[in-house]
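The values are calculated or read from the model by the stated rules, or taken from the named source; none is laboratory data. Please read all numbers here as calculations on a predicted model, not as lab measurements. Heads up, the Cβs are rebuilt from the backbone with ideal geometry, glycines too, and the neighbour counts pull from every protein chain shown.
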Amino acid sequence: MTFEKVLTKYQDIPEYTGTIDEYIAHGGYRALPKALRELQPAEVIEQVKRSGLRGRGGAGFPCGVKWGFIPKDSPKPKYLVCNCDESEPGTFKDRMLIEEDPHQLIEGMIISSYAIGSRLAFLYCRGEFVYGARVLERAIREATLRGYLGKNILGSGFDLDIHLHRGAGAYICGEETGLLESLEGKRGQPRPKPPFPAISGLYRSPTVVNNVETLCNVPHIVLRGADWYIGIGPPKSTGPRLFSVSGHVERPGNYELPMSITLRELIFEHAGGVKNGRRLKAVIPGGSSAPVLTEQHLDVGMDFESLAAAGSMSGSGGVIVMDDTVCMVRVGEIVSRFYHHESCGQCTQCREGTAWLHKVLRRIEHGQGRKEDLDVLLDMCDNMKGKTICVLSDAAAMPIESYLKYFREEFEAHVRERACPFEGKGAF
Amino acid sequence: MPTLKIDGVEVTVPTPMSILEVARTLGIEVPHYCYHPGLSVVGQCRLCQVEVERMPKLATACNTMVADGMVVWTHSPKVEKARRAVMEFYLLNHPLDCPVCDKGGECPLQDFTLKYGPGESRFAEEKVQRVKHAVLGPHIVFDAERCILCTRCVRFCHEVPQTGELAVFSRGDRSEITLFPGKVLDNAYSGNVIDLCPVGALTSRQYRFQSRPWDLVRHTDSVCPLCSNGCNVILDVRHRQRGEELLRIRPRENQAVNRWWMCDEGRFTFGYFSDSARLRVPTWREGHPTDAAMAHSPLGPRPVAMGFDDLLLRLARGIRRIVEADGPEAVGCVASSRLANEELFLIRRFFRDILGTPHLDFRVRPVQFQASDASEDGLLRRTDKTANRRGARDLGILPGAGGLDVAGMLAAAANGRLKALFLFEEDLVREYPDRPVREALGRLEILVVSNLLPNETSGLAHVVLPALGFAEKEGSFTNFQGRIQKIHRALTPHVASRSLPEVLRDLARDIGRDLGPIEPARVWEAIGEAPGPYQGIAWKDIGPLGLLPEESREPRAKNKEP
Amino acid sequence: MISNETKQRCDGLARRYPEKRSALIPMLHAVQAEVGHLSPEAIEWVAAALGLSAADVMSVASFYDMFNLERVGKHMIYVCHNLSCSLLGVERLIRHLENRLGIRMGETTPDGLITLKRMECLAACGTAPAIQIDGNFYEQVTPQILDDLLDRLRDGRLHAMGKGPDGMSGR
């Protein structure tokens, strides 16, 4: 099945480098004038709402609905913030979008700012994207020189500036209120919600935080209409989705597909199947925070609802494939090590729990597990869920629960044999 | 005005409040660490979670505002399970320091673990190790392993003195509260973090290893005497078997005066109570005082310890002789605004009414001549370093018609017009370094000095009376706002001592007069009768949070407990 | 200690935000780029520039992985050790790196040239294993590629940022 690319159409253009001239030459900056001249801000919101666009960062919240929460009559300034803090393990689509076609994002940001009434937008780019940040700076400059940013854009009376803001290395700054704290010059510690950013966000003003890929969809929706967009993919998961496929596949990379695709199709038809002809053992479908799936789940649709029903989640769209040389206890150790490192430390369950989880898994992996450990792990995970300011704690717990659910005998073998069965061999 | 149900009790709330605040007013315990009414709300300790019907997750009581129709359960099974889990997480890396930790016995971590936490540990890993007993500043020691990262101390330093010395470094389980390298925790309010810290991470250097809370048997309400703010305090006294001693002063909450705080000076300055140099017995010295003054050492007859009865008889004779020879105007009195209202009232009665001298004053330092006392730091400390300037004013400790102020009395002493001077707790030699105070005082026939510790002025006196400190008296101070606040006896005065009212009563009797009743309640009958700012006030009207005289004129709805 | 150029840059940063505290992290980047790491003096300078306490600034700086509060080498090598990179053998790469340079991850070579740091996911999973040298991506790295990069680093022949064989983007 060939799918008409939307977000990555530029890849079909030979020697495309994403400059503003190239972007315009291939149809860019046509949605913006349409929005400014033909649509009221409320109408843009309506279109995006109707399109069913859901957040592509991990939460999957309906974008237009989020925009609708911005109070129309607040005297405070409104801010649009683009979340380019892509840090979910297994995810590398936003990096591609900003490095290769930055103006798609810029155009999306301008239209979105217009829709919510923002005059100042921020592009929070993770600090490690040094090259990406330069590309974005250049794009913002180009757009400003061309009159797509600044005062009275295209004679519409709408003003907008975009400030690029670099982060400095913290996964938790991908959480929207952690991002706002970081943008305000503080530790990236998420805020209790309510109040939500739409009411009290950046500088306590109404704010919308949207993922890069989400915003890249906006120009296409405005240009081609909500009906066209709804035609892509299943009804509750509309529009094209970028799946980052990595791990033990022949052709790792970003794949733009509708969410009607199945996991099997994604892995075996598009990404070339499991590397070296090995057997698929496990696959994480939505970034490391997503519970693991196995062979029995391969026919699940890659839409939000189906993945949730299968006990996992769509998350960031980061698909990590693991073959039968992989020790799942080691996977648990690596994944828990990540959350241990990234916990901001505010909430007791997360600060202590992510560390405890990691230490126990490391001990089991090194052959010093005790039989009580597995049930303690499960209880620990249960105690870490649903009781913290943000969901990093849940994100740390749920994957481990899933590894124990589907691969418990592997953990038990580690404890029983006092060694890792894959020691000396295996993927790691 | 939302009405909600909390643990089955219906309550209507007049102003926007969080669930935790409502629970507190109802006396329902919702355990918590990071919340403190005087600091910003962060909702991060996760201990205060409660169940709210129709909410899918547990709610943090500290930052969830009550709404009409809300139904809250603070001890449901779901809550108890969550609490138990949080307590387990707290204890994972907590060191087993209880035997050597000052907080033991008054520790919310111990208490909540006992009530809500697990009885055994499931943690089989290595605990995170951190610095122990690190001196952060002149008053505070830090045991980082005990810290539960509630951040109360960090928020306090940022929000109250606004000095921001403490901050959380790093993140996750590597988070640690420390100082910037080379800096010191030395703001004037640093001691408050000791009270704020829910565990033994921040402790008092002064109090370290001094006692266990169960040995502190007396917790006496009082008022700090070191400036005119009158911060409300609690005096913690160790019991007699281990040696009765004042070991600790803590602030007592009074929203109108000091909120929840006190400054370090007031908190840590009380060692003088057990100072071995303290004046304990009255002394009498014959002979020319000038010799002793000039030589700066007691040449001539040395002061002799004497019983109060004997000494007061002799003193009475001496005063009577002077009054008969040169009139009451030959006697003067400087009565410090460190003294309590009752003492000052009786002094006035003795000197102005009974003896009949107009020379009475409390104003020694320039700041005391101003109508009102200014703030020193915009927080609690005030520029007048005595507790009762307002009381001294309100009770008329001022010269009468034709009376001399302090400078005048010194001048009159110098030229021989003033023959006898009573100095209650003011060291005039030190207060006036560039005036010939020694010479002036040296010319007096009778110099009576009352003080806690010996000083230059007392060294010149004929009669030295050992004074009692604020923790050894019942009485009241009036703070700069005009609020009358009670002090209570926390320490047993020395066996040989006699309170100032007792001394004045006995002295009056020895000159053939009656001072009247001296117990505070009876003194206030007299104060309340006289015209003036305190008219109509009775001792019982002054509650634990003090009394502003204008409040007493209105129906007695004030003076409630918090 | 801080050059005029950096000072001016920091001024500009403080001015471009509605609340100047937002300039803190960009300023820390600028100062670190010049001084090499965020020494106590550097932190105090930034604190004074923004009217914050030094403890506050250090608290923020110490939260983020990219800020070095200790001295580091002239060149910084980040190696992602997260799941996809681990599945594609990054631990073998790390062992190779440690053996070649004679130091462990987290340490700096005795000559002060290179600091090694384990990092979390760098968003290069499709081209794992991925590393960064001084902010430049190098992906699908093998021990041989690594040796070549290190040789060129030592000789000063490592290209500046760009695309092509030296700095591929994940695609």
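Structure notes:
- Summed over the stretch A:165-179, the residues that are within 10 Å of another protein chain (Cβ to nearest Cβ) and either under 21 Å from C:A55 (Cα atoms) or part of a helix (DSSP H, G or I) (or both) give a count of 7.
- Qualifying residue in the stretch B:190-199 (condition: among the small types (G, A, S), in contact with a Lys or Arg (Cβ under 6 Å, 6 or more places away or on another chain) and more than 14 Å from chain C (Cβ to nearest Cβ)): yes
- Count of residues meeting criterion [more than 11 Å from chain A (Cβ to nearest Cβ) and in contact (Cβ under 8 Å) with a residue 12 or more places away in the chain] in the stretch C:134-146: 5
Every residue, every condition in (1) among the β-branched types (V, I, T); (2) in a strand (DSSP E or B); (3) crowded, with 19+ Cβ neighbours inside 10 Å, yes or no:
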site: B:F112; (1), (2), (3): no, no, yes
site: B:G119; (1), (2), (3): no, no, no
site: B:E125; (1), (2), (3): no, no, no
site: B:V128; (1), (2), (3): yes, no, no
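- Considering A:R408, A:R416, A:R363, the condition of being over 23 Å from the mean Cα position of the chain (by Cα), within 11 Å of another protein chain (Cβ to nearest Cβ), surrounded by fewer than 22 Cβ atoms within 10 Å (Cβ to Cβ) and modelled with pLDDT of 95 or more is satisfied by A:R363 alone.
- Any hit, the stretch C:63-84, residues being more than 30 Å from A:N276 (Cα to Cα) and in contact (Cβ under 8 Å) with a residue 60 or more places away in the chain: yes
- Hey, A:R166 over 25 Å from A:E100 (Cα atoms), modelled with pLDDT of 95 or more and surrounded by 20 or more Cβ atoms within 10 Å (Cβ to Cβ) or not: no
- Only residues that are within 24 Å of the chain's Cα centre (by Cα) and touching a residue at least 24 places away in the same chain (Cβ under 8 Å) were counted across the stretch A:366-390, and they come to 6.
- Residues within the stretch B:128-159 that are over 23 Å from B:L47 (Cβ atoms) and within 14 Å of chain C (Cβ to nearest Cβ), tallied: 2
- Filtered residue count, the stretch A:176-235, keeping only those that are in contact (Cβ under 8 Å) with a residue 60 or more places away in the chain, under 30 Å from A:T388 (Cα atoms), among the polar types (S, T, N, Q) and crowded, with 23+ Cβ neighbours inside 10 Å: 6
- Taken over the stretch B:78-112, the criterion of being over 30 Å from B:V217 (Cβ atoms) and either more than 14 Å from chain A (Cβ to nearest Cβ) or in contact with a strand residue (DSSP E or B) (Cβ under 9 Å, 6 or more places away or on another chain) (or both) is satisfied by B:K78, B:V79, B:A82, B:R83, B:V86.
- Restricted to the stretch A:59-88, and to residues there that are within 10 Å of the chain's Cα centre (by Cα) and in a loop (DSSP other than H, G, I, E, B), the residue that is farthest from the other protein chains (Cβ to nearest Cβ) is A:G60.
- Screening the candidates B:T203, B:T151, B:T178 for the property of being buried (at least 20 other Cβ atoms within 10 Å of the Cβ) and under 30 Å from B:E245 (Cα atoms) yields one hit, B:T203.
- Flag for B:A413 being small (G, A, S), modelled with pLDDT of 95 or more and more than 23 Å from B:A467 (Cβ to Cβ): no
- The residues on offer are A:G315, A:G332, A:G345, and the sole one that is at the interface with chain B (Cβ under 10 Å from one of its Cβ atoms), under 28 Å from C:D65 (Cα atoms) and small (G, A, S) is A:G345.
- Residue match in the stretch B:472-484 (condition: among the basic types (K, R) and within 16 Å of B:I319 (Cα to Cα)): no
- Close contacts from the stretch B:148-164, counting a first residue that is closer than 13 Å to B:W261 by Cβ and a second that is surrounded by fewer than 24 Cβ atoms within 10 Å (Cβ to Cβ) and β-branched (V, I, T), with Cβ to Cβ under 6 Å and a gap of 6+ residues or different chains, come to B:C157/B:T163.
- Subset of the stretch A:124-153 (residues that are more than 18 Å from A:V81 (Cα to Cα) and outside any helix (DSSP H, G or I)): A:E128, A:R146, A:G147, A:K151, A:N152
- Within the stretch C:13-36, the residues that satisfy the criterion of being at pLDDT 95 or above and surrounded by fewer than 15 Cβ atoms within 10 Å (Cβ to Cβ) are C:P18, C:E19.
- Filter pass, B:P399 being surrounded by fewer than 17 Cβ atoms within 10 Å (Cβ to Cβ) and farther than 19 Å from B:S499 by Cα: no
- Answer residue from the stretch B:214-239, given it is without any contact (Cβ under 8 Å) to a residue 60 or more places away in the chain and not in a strand (DSSP E or B) and is surrounded by the most Cβ atoms within 10 Å (Cβ to Cβ) among those: B:D215
- Answer residue from the stretch A:250-277, given it is surrounded by fewer than 21 Cβ atoms within 10 Å (Cβ to Cβ) and of a type in the set (S, T, N, Q) and is nearest to A:D324 (Cα to Cα) among those: A:N276
- Put simply, of A:I20, A:I24, A:I13 the only residue that is among the hydrophobic types (A, V, I, L, M, F, W, C) and surrounded by 17 or more Cβ atoms within 10 Å (Cβ to Cβ) is A:I20.
Okay, residues lined up against (1) at the interface with chain B (Cβ under 10 Å from one of its Cβ atoms); (2) within 22 Å of A:E412 (Cβ to Cβ); (3) surrounded by fewer than 24 Cβ atoms within 10 Å (Cβ to Cβ); (4) in contact with a Pro (Cβ under 6 Å, 6 or more places away or on another chain):
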site	(1), (2), (3), (4)
A:G353	yes, no, no, no
A:K359	yes, yes, yes, no
A:E372	yes, yes, yes, no
A:D375	yes, yes, yes, no
A:C381	no, yes, yes, no
A:K385	yes, no, yes, no
A:C390	no, no, yes, yes
A:S393	yes, no, no, no
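- Test result for C:M1, touching an Asp or Glu at 6+ places or on another chain (Cβ under 7 Å) and more than 9 Å from chain A (Cβ to nearest Cβ): yes
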